[in-house]
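The values are calculated or read from the model by the stated rules, or taken from the named source; none is laboratory data. Since this is a predicted model, take the numbers as computed values, not measurements. Every residue, glycine among them, receives a Cβ derived from its backbone with ideal geometry; neighbour counts consider all protein chains shown.
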Amino acid sequence: MRKDALPTDASGFVVLADFVPHIIQEIRYHSTYNFIGERIDGYEEPVALLSIEAARALKAVSNELFVQGYRLKVFDAYRPVSAVRQFILWGIEDTDIRMKPYFYPDLEKQELFAKGYIAKQSSHSRGSAIDLTLLDMKTGKEVDMGSPFDLFSEVSHPDYRGISQEQYENRMLLQHAMVRNGFLPLDCEWWHFVLKDEPYPDTYFTFPVSAFSLRG
C-alpha cells in the first residue's frame, strides 16, 4: 500500500485500455445516458483511468475470463471529486427527475444516498474501484445480469434471488473472478468492485478523467 498522494497527482494511474487490451469501454458519465441525464463534471474524455495496482489486478481478471469466451465491459473507473460533488448537489437541490423511470423507478432521489447507491465520498475517487459487466464474445452482446448498470433497486443487489438462475450465475461468474484476483464486491450493486489492497485508501483525487491528466 502506497503512502497517500496529492489529490492532483495522477502519476500512479494508467489508461486502462492501454493496460488491459481486451476491455470494452462505455463510460456512461461522459454521456447523457446516466441517472442525472447529462455529462458529469470532470469527465473530459470517454476513457477509463485506474490505479496501476487495480489495473494489474483487472488484467488478471480479463485474462481469466477471456479464455472462457468473455471480455470485460467497463462503465466507470476513476471518478473525480467534482463528479461526486455534482451527484450530491443533484440529490439535495436539483428537482430534475427526468431519468427516474430508467434508473431509480421505485425510489425518491434522496433515498439513493441513504440506501448506499450514491456515496458522498466515493471509492471511485480513490482510483481503485470499477463498474463493469461481461460481454459474450460468441454473441457480441452483454451477458444478462438480471438488471442494467446503475439501476438503483433491490434487483441489482448481487445476492438478489428474484432473477433467473442463469442471471444469478452470470453475476457470480463475474464476482468470483473479481474476488479471486483481489477485488471486493459491493452488497447493493452487482457491477461495482474495489481493490482490496487499494494503494490510496485515504486520498480522493481531483484531476479530470482524461488521458492528458496522466501526462503530468
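Side notes on the structure shown:
- Test: residue 17 is small (Gly, Ala, Ser), touching a Phe, Trp or Tyr at 6+ places or on another chain (Cβ under 8 Å) and outside any loop (DSSP other than H, G, I, E, B): no
- Picking from residues in segment 158-174 that are under 19 Å from the mean Cα position of the chain (by Cα), surrounded by 17 or more Cβ atoms within 10 Å (Cβ to Cβ) and not basic (Lys, Arg), the one that is nearest to residue 61 (Cα to Cα) is 174.
- Residues (of a type in the set (Val, Ile, Thr) and touching a Phe, Trp or Tyr at 6+ places or on another chain (Cβ under 6 Å)) located in segment 82-129: 118
- Pairs where the first residue, in segment 138-155, is within 15 Å of residue 186 (Cβ to Cβ) and the second is surrounded by fewer than 16 Cβ atoms within 10 Å (Cβ to Cβ) and among the charged types (D, E, K, R), C-beta under 7 Å, 6+ apart: 153/106
- Evaluated against (1) closer than 23 Å to residue 16 by Cα; (2) charged (D, E, K, R); (3) touching a helix residue (DSSP H, G or I) at 6+ places or on another chain (Cβ under 7 Å), residue 161 falls short on exactly one condition, (1).
- Any hit, segment 177-197, residues being in contact with an Asp or Glu (Cβ under 6 Å, 6 or more places away or on another chain), touching a residue at least 60 places away in the same chain (Cβ under 8 Å) and β-branched (Val, Ile, Thr): no
- Meets criteria (surrounded by fewer than 16 Cβ atoms within 10 Å (Cβ to Cβ) and either touching a helix residue (DSSP H, G or I) at 6+ places or on another chain (Cβ under 9 Å) or within 20 Å of residue 170 (Cβ to Cβ) (or both)) for residue 64: yes
- Screening residue 81 on (1) closer than 22 Å to residue 213 by Cα; (2) in contact (Cβ under 8 Å) with a residue 60 or more places away in the chain; (3) surrounded by 21 or more Cβ atoms within 10 Å (Cβ to Cβ) shows it passes everything except condition (3).
- Residue in segment 24-43 that is part of a loop (DSSP other than H, G, I, E, B), without any contact (Cβ under 8 Å) to a residue 40 or more places away in the chain and of a type outside the set (Ser, Thr, Tyr) present: yes
- Residues of segment 86-117 satisfying the condition of being small (Gly, Ala, Ser) and either modelled with pLDDT of 90 or more or touching a Lys or Arg at 6+ places or on another chain (Cβ under 8 Å) (or both): 91
- Residue in segment 118-127 that is among the charged types (D, E, K, R), under 28 Å from residue 62 (Cβ atoms), over 14 Å from the mean Cα position of the chain (by Cα) and crowded, with 17+ Cβ neighbours inside 10 Å present: no
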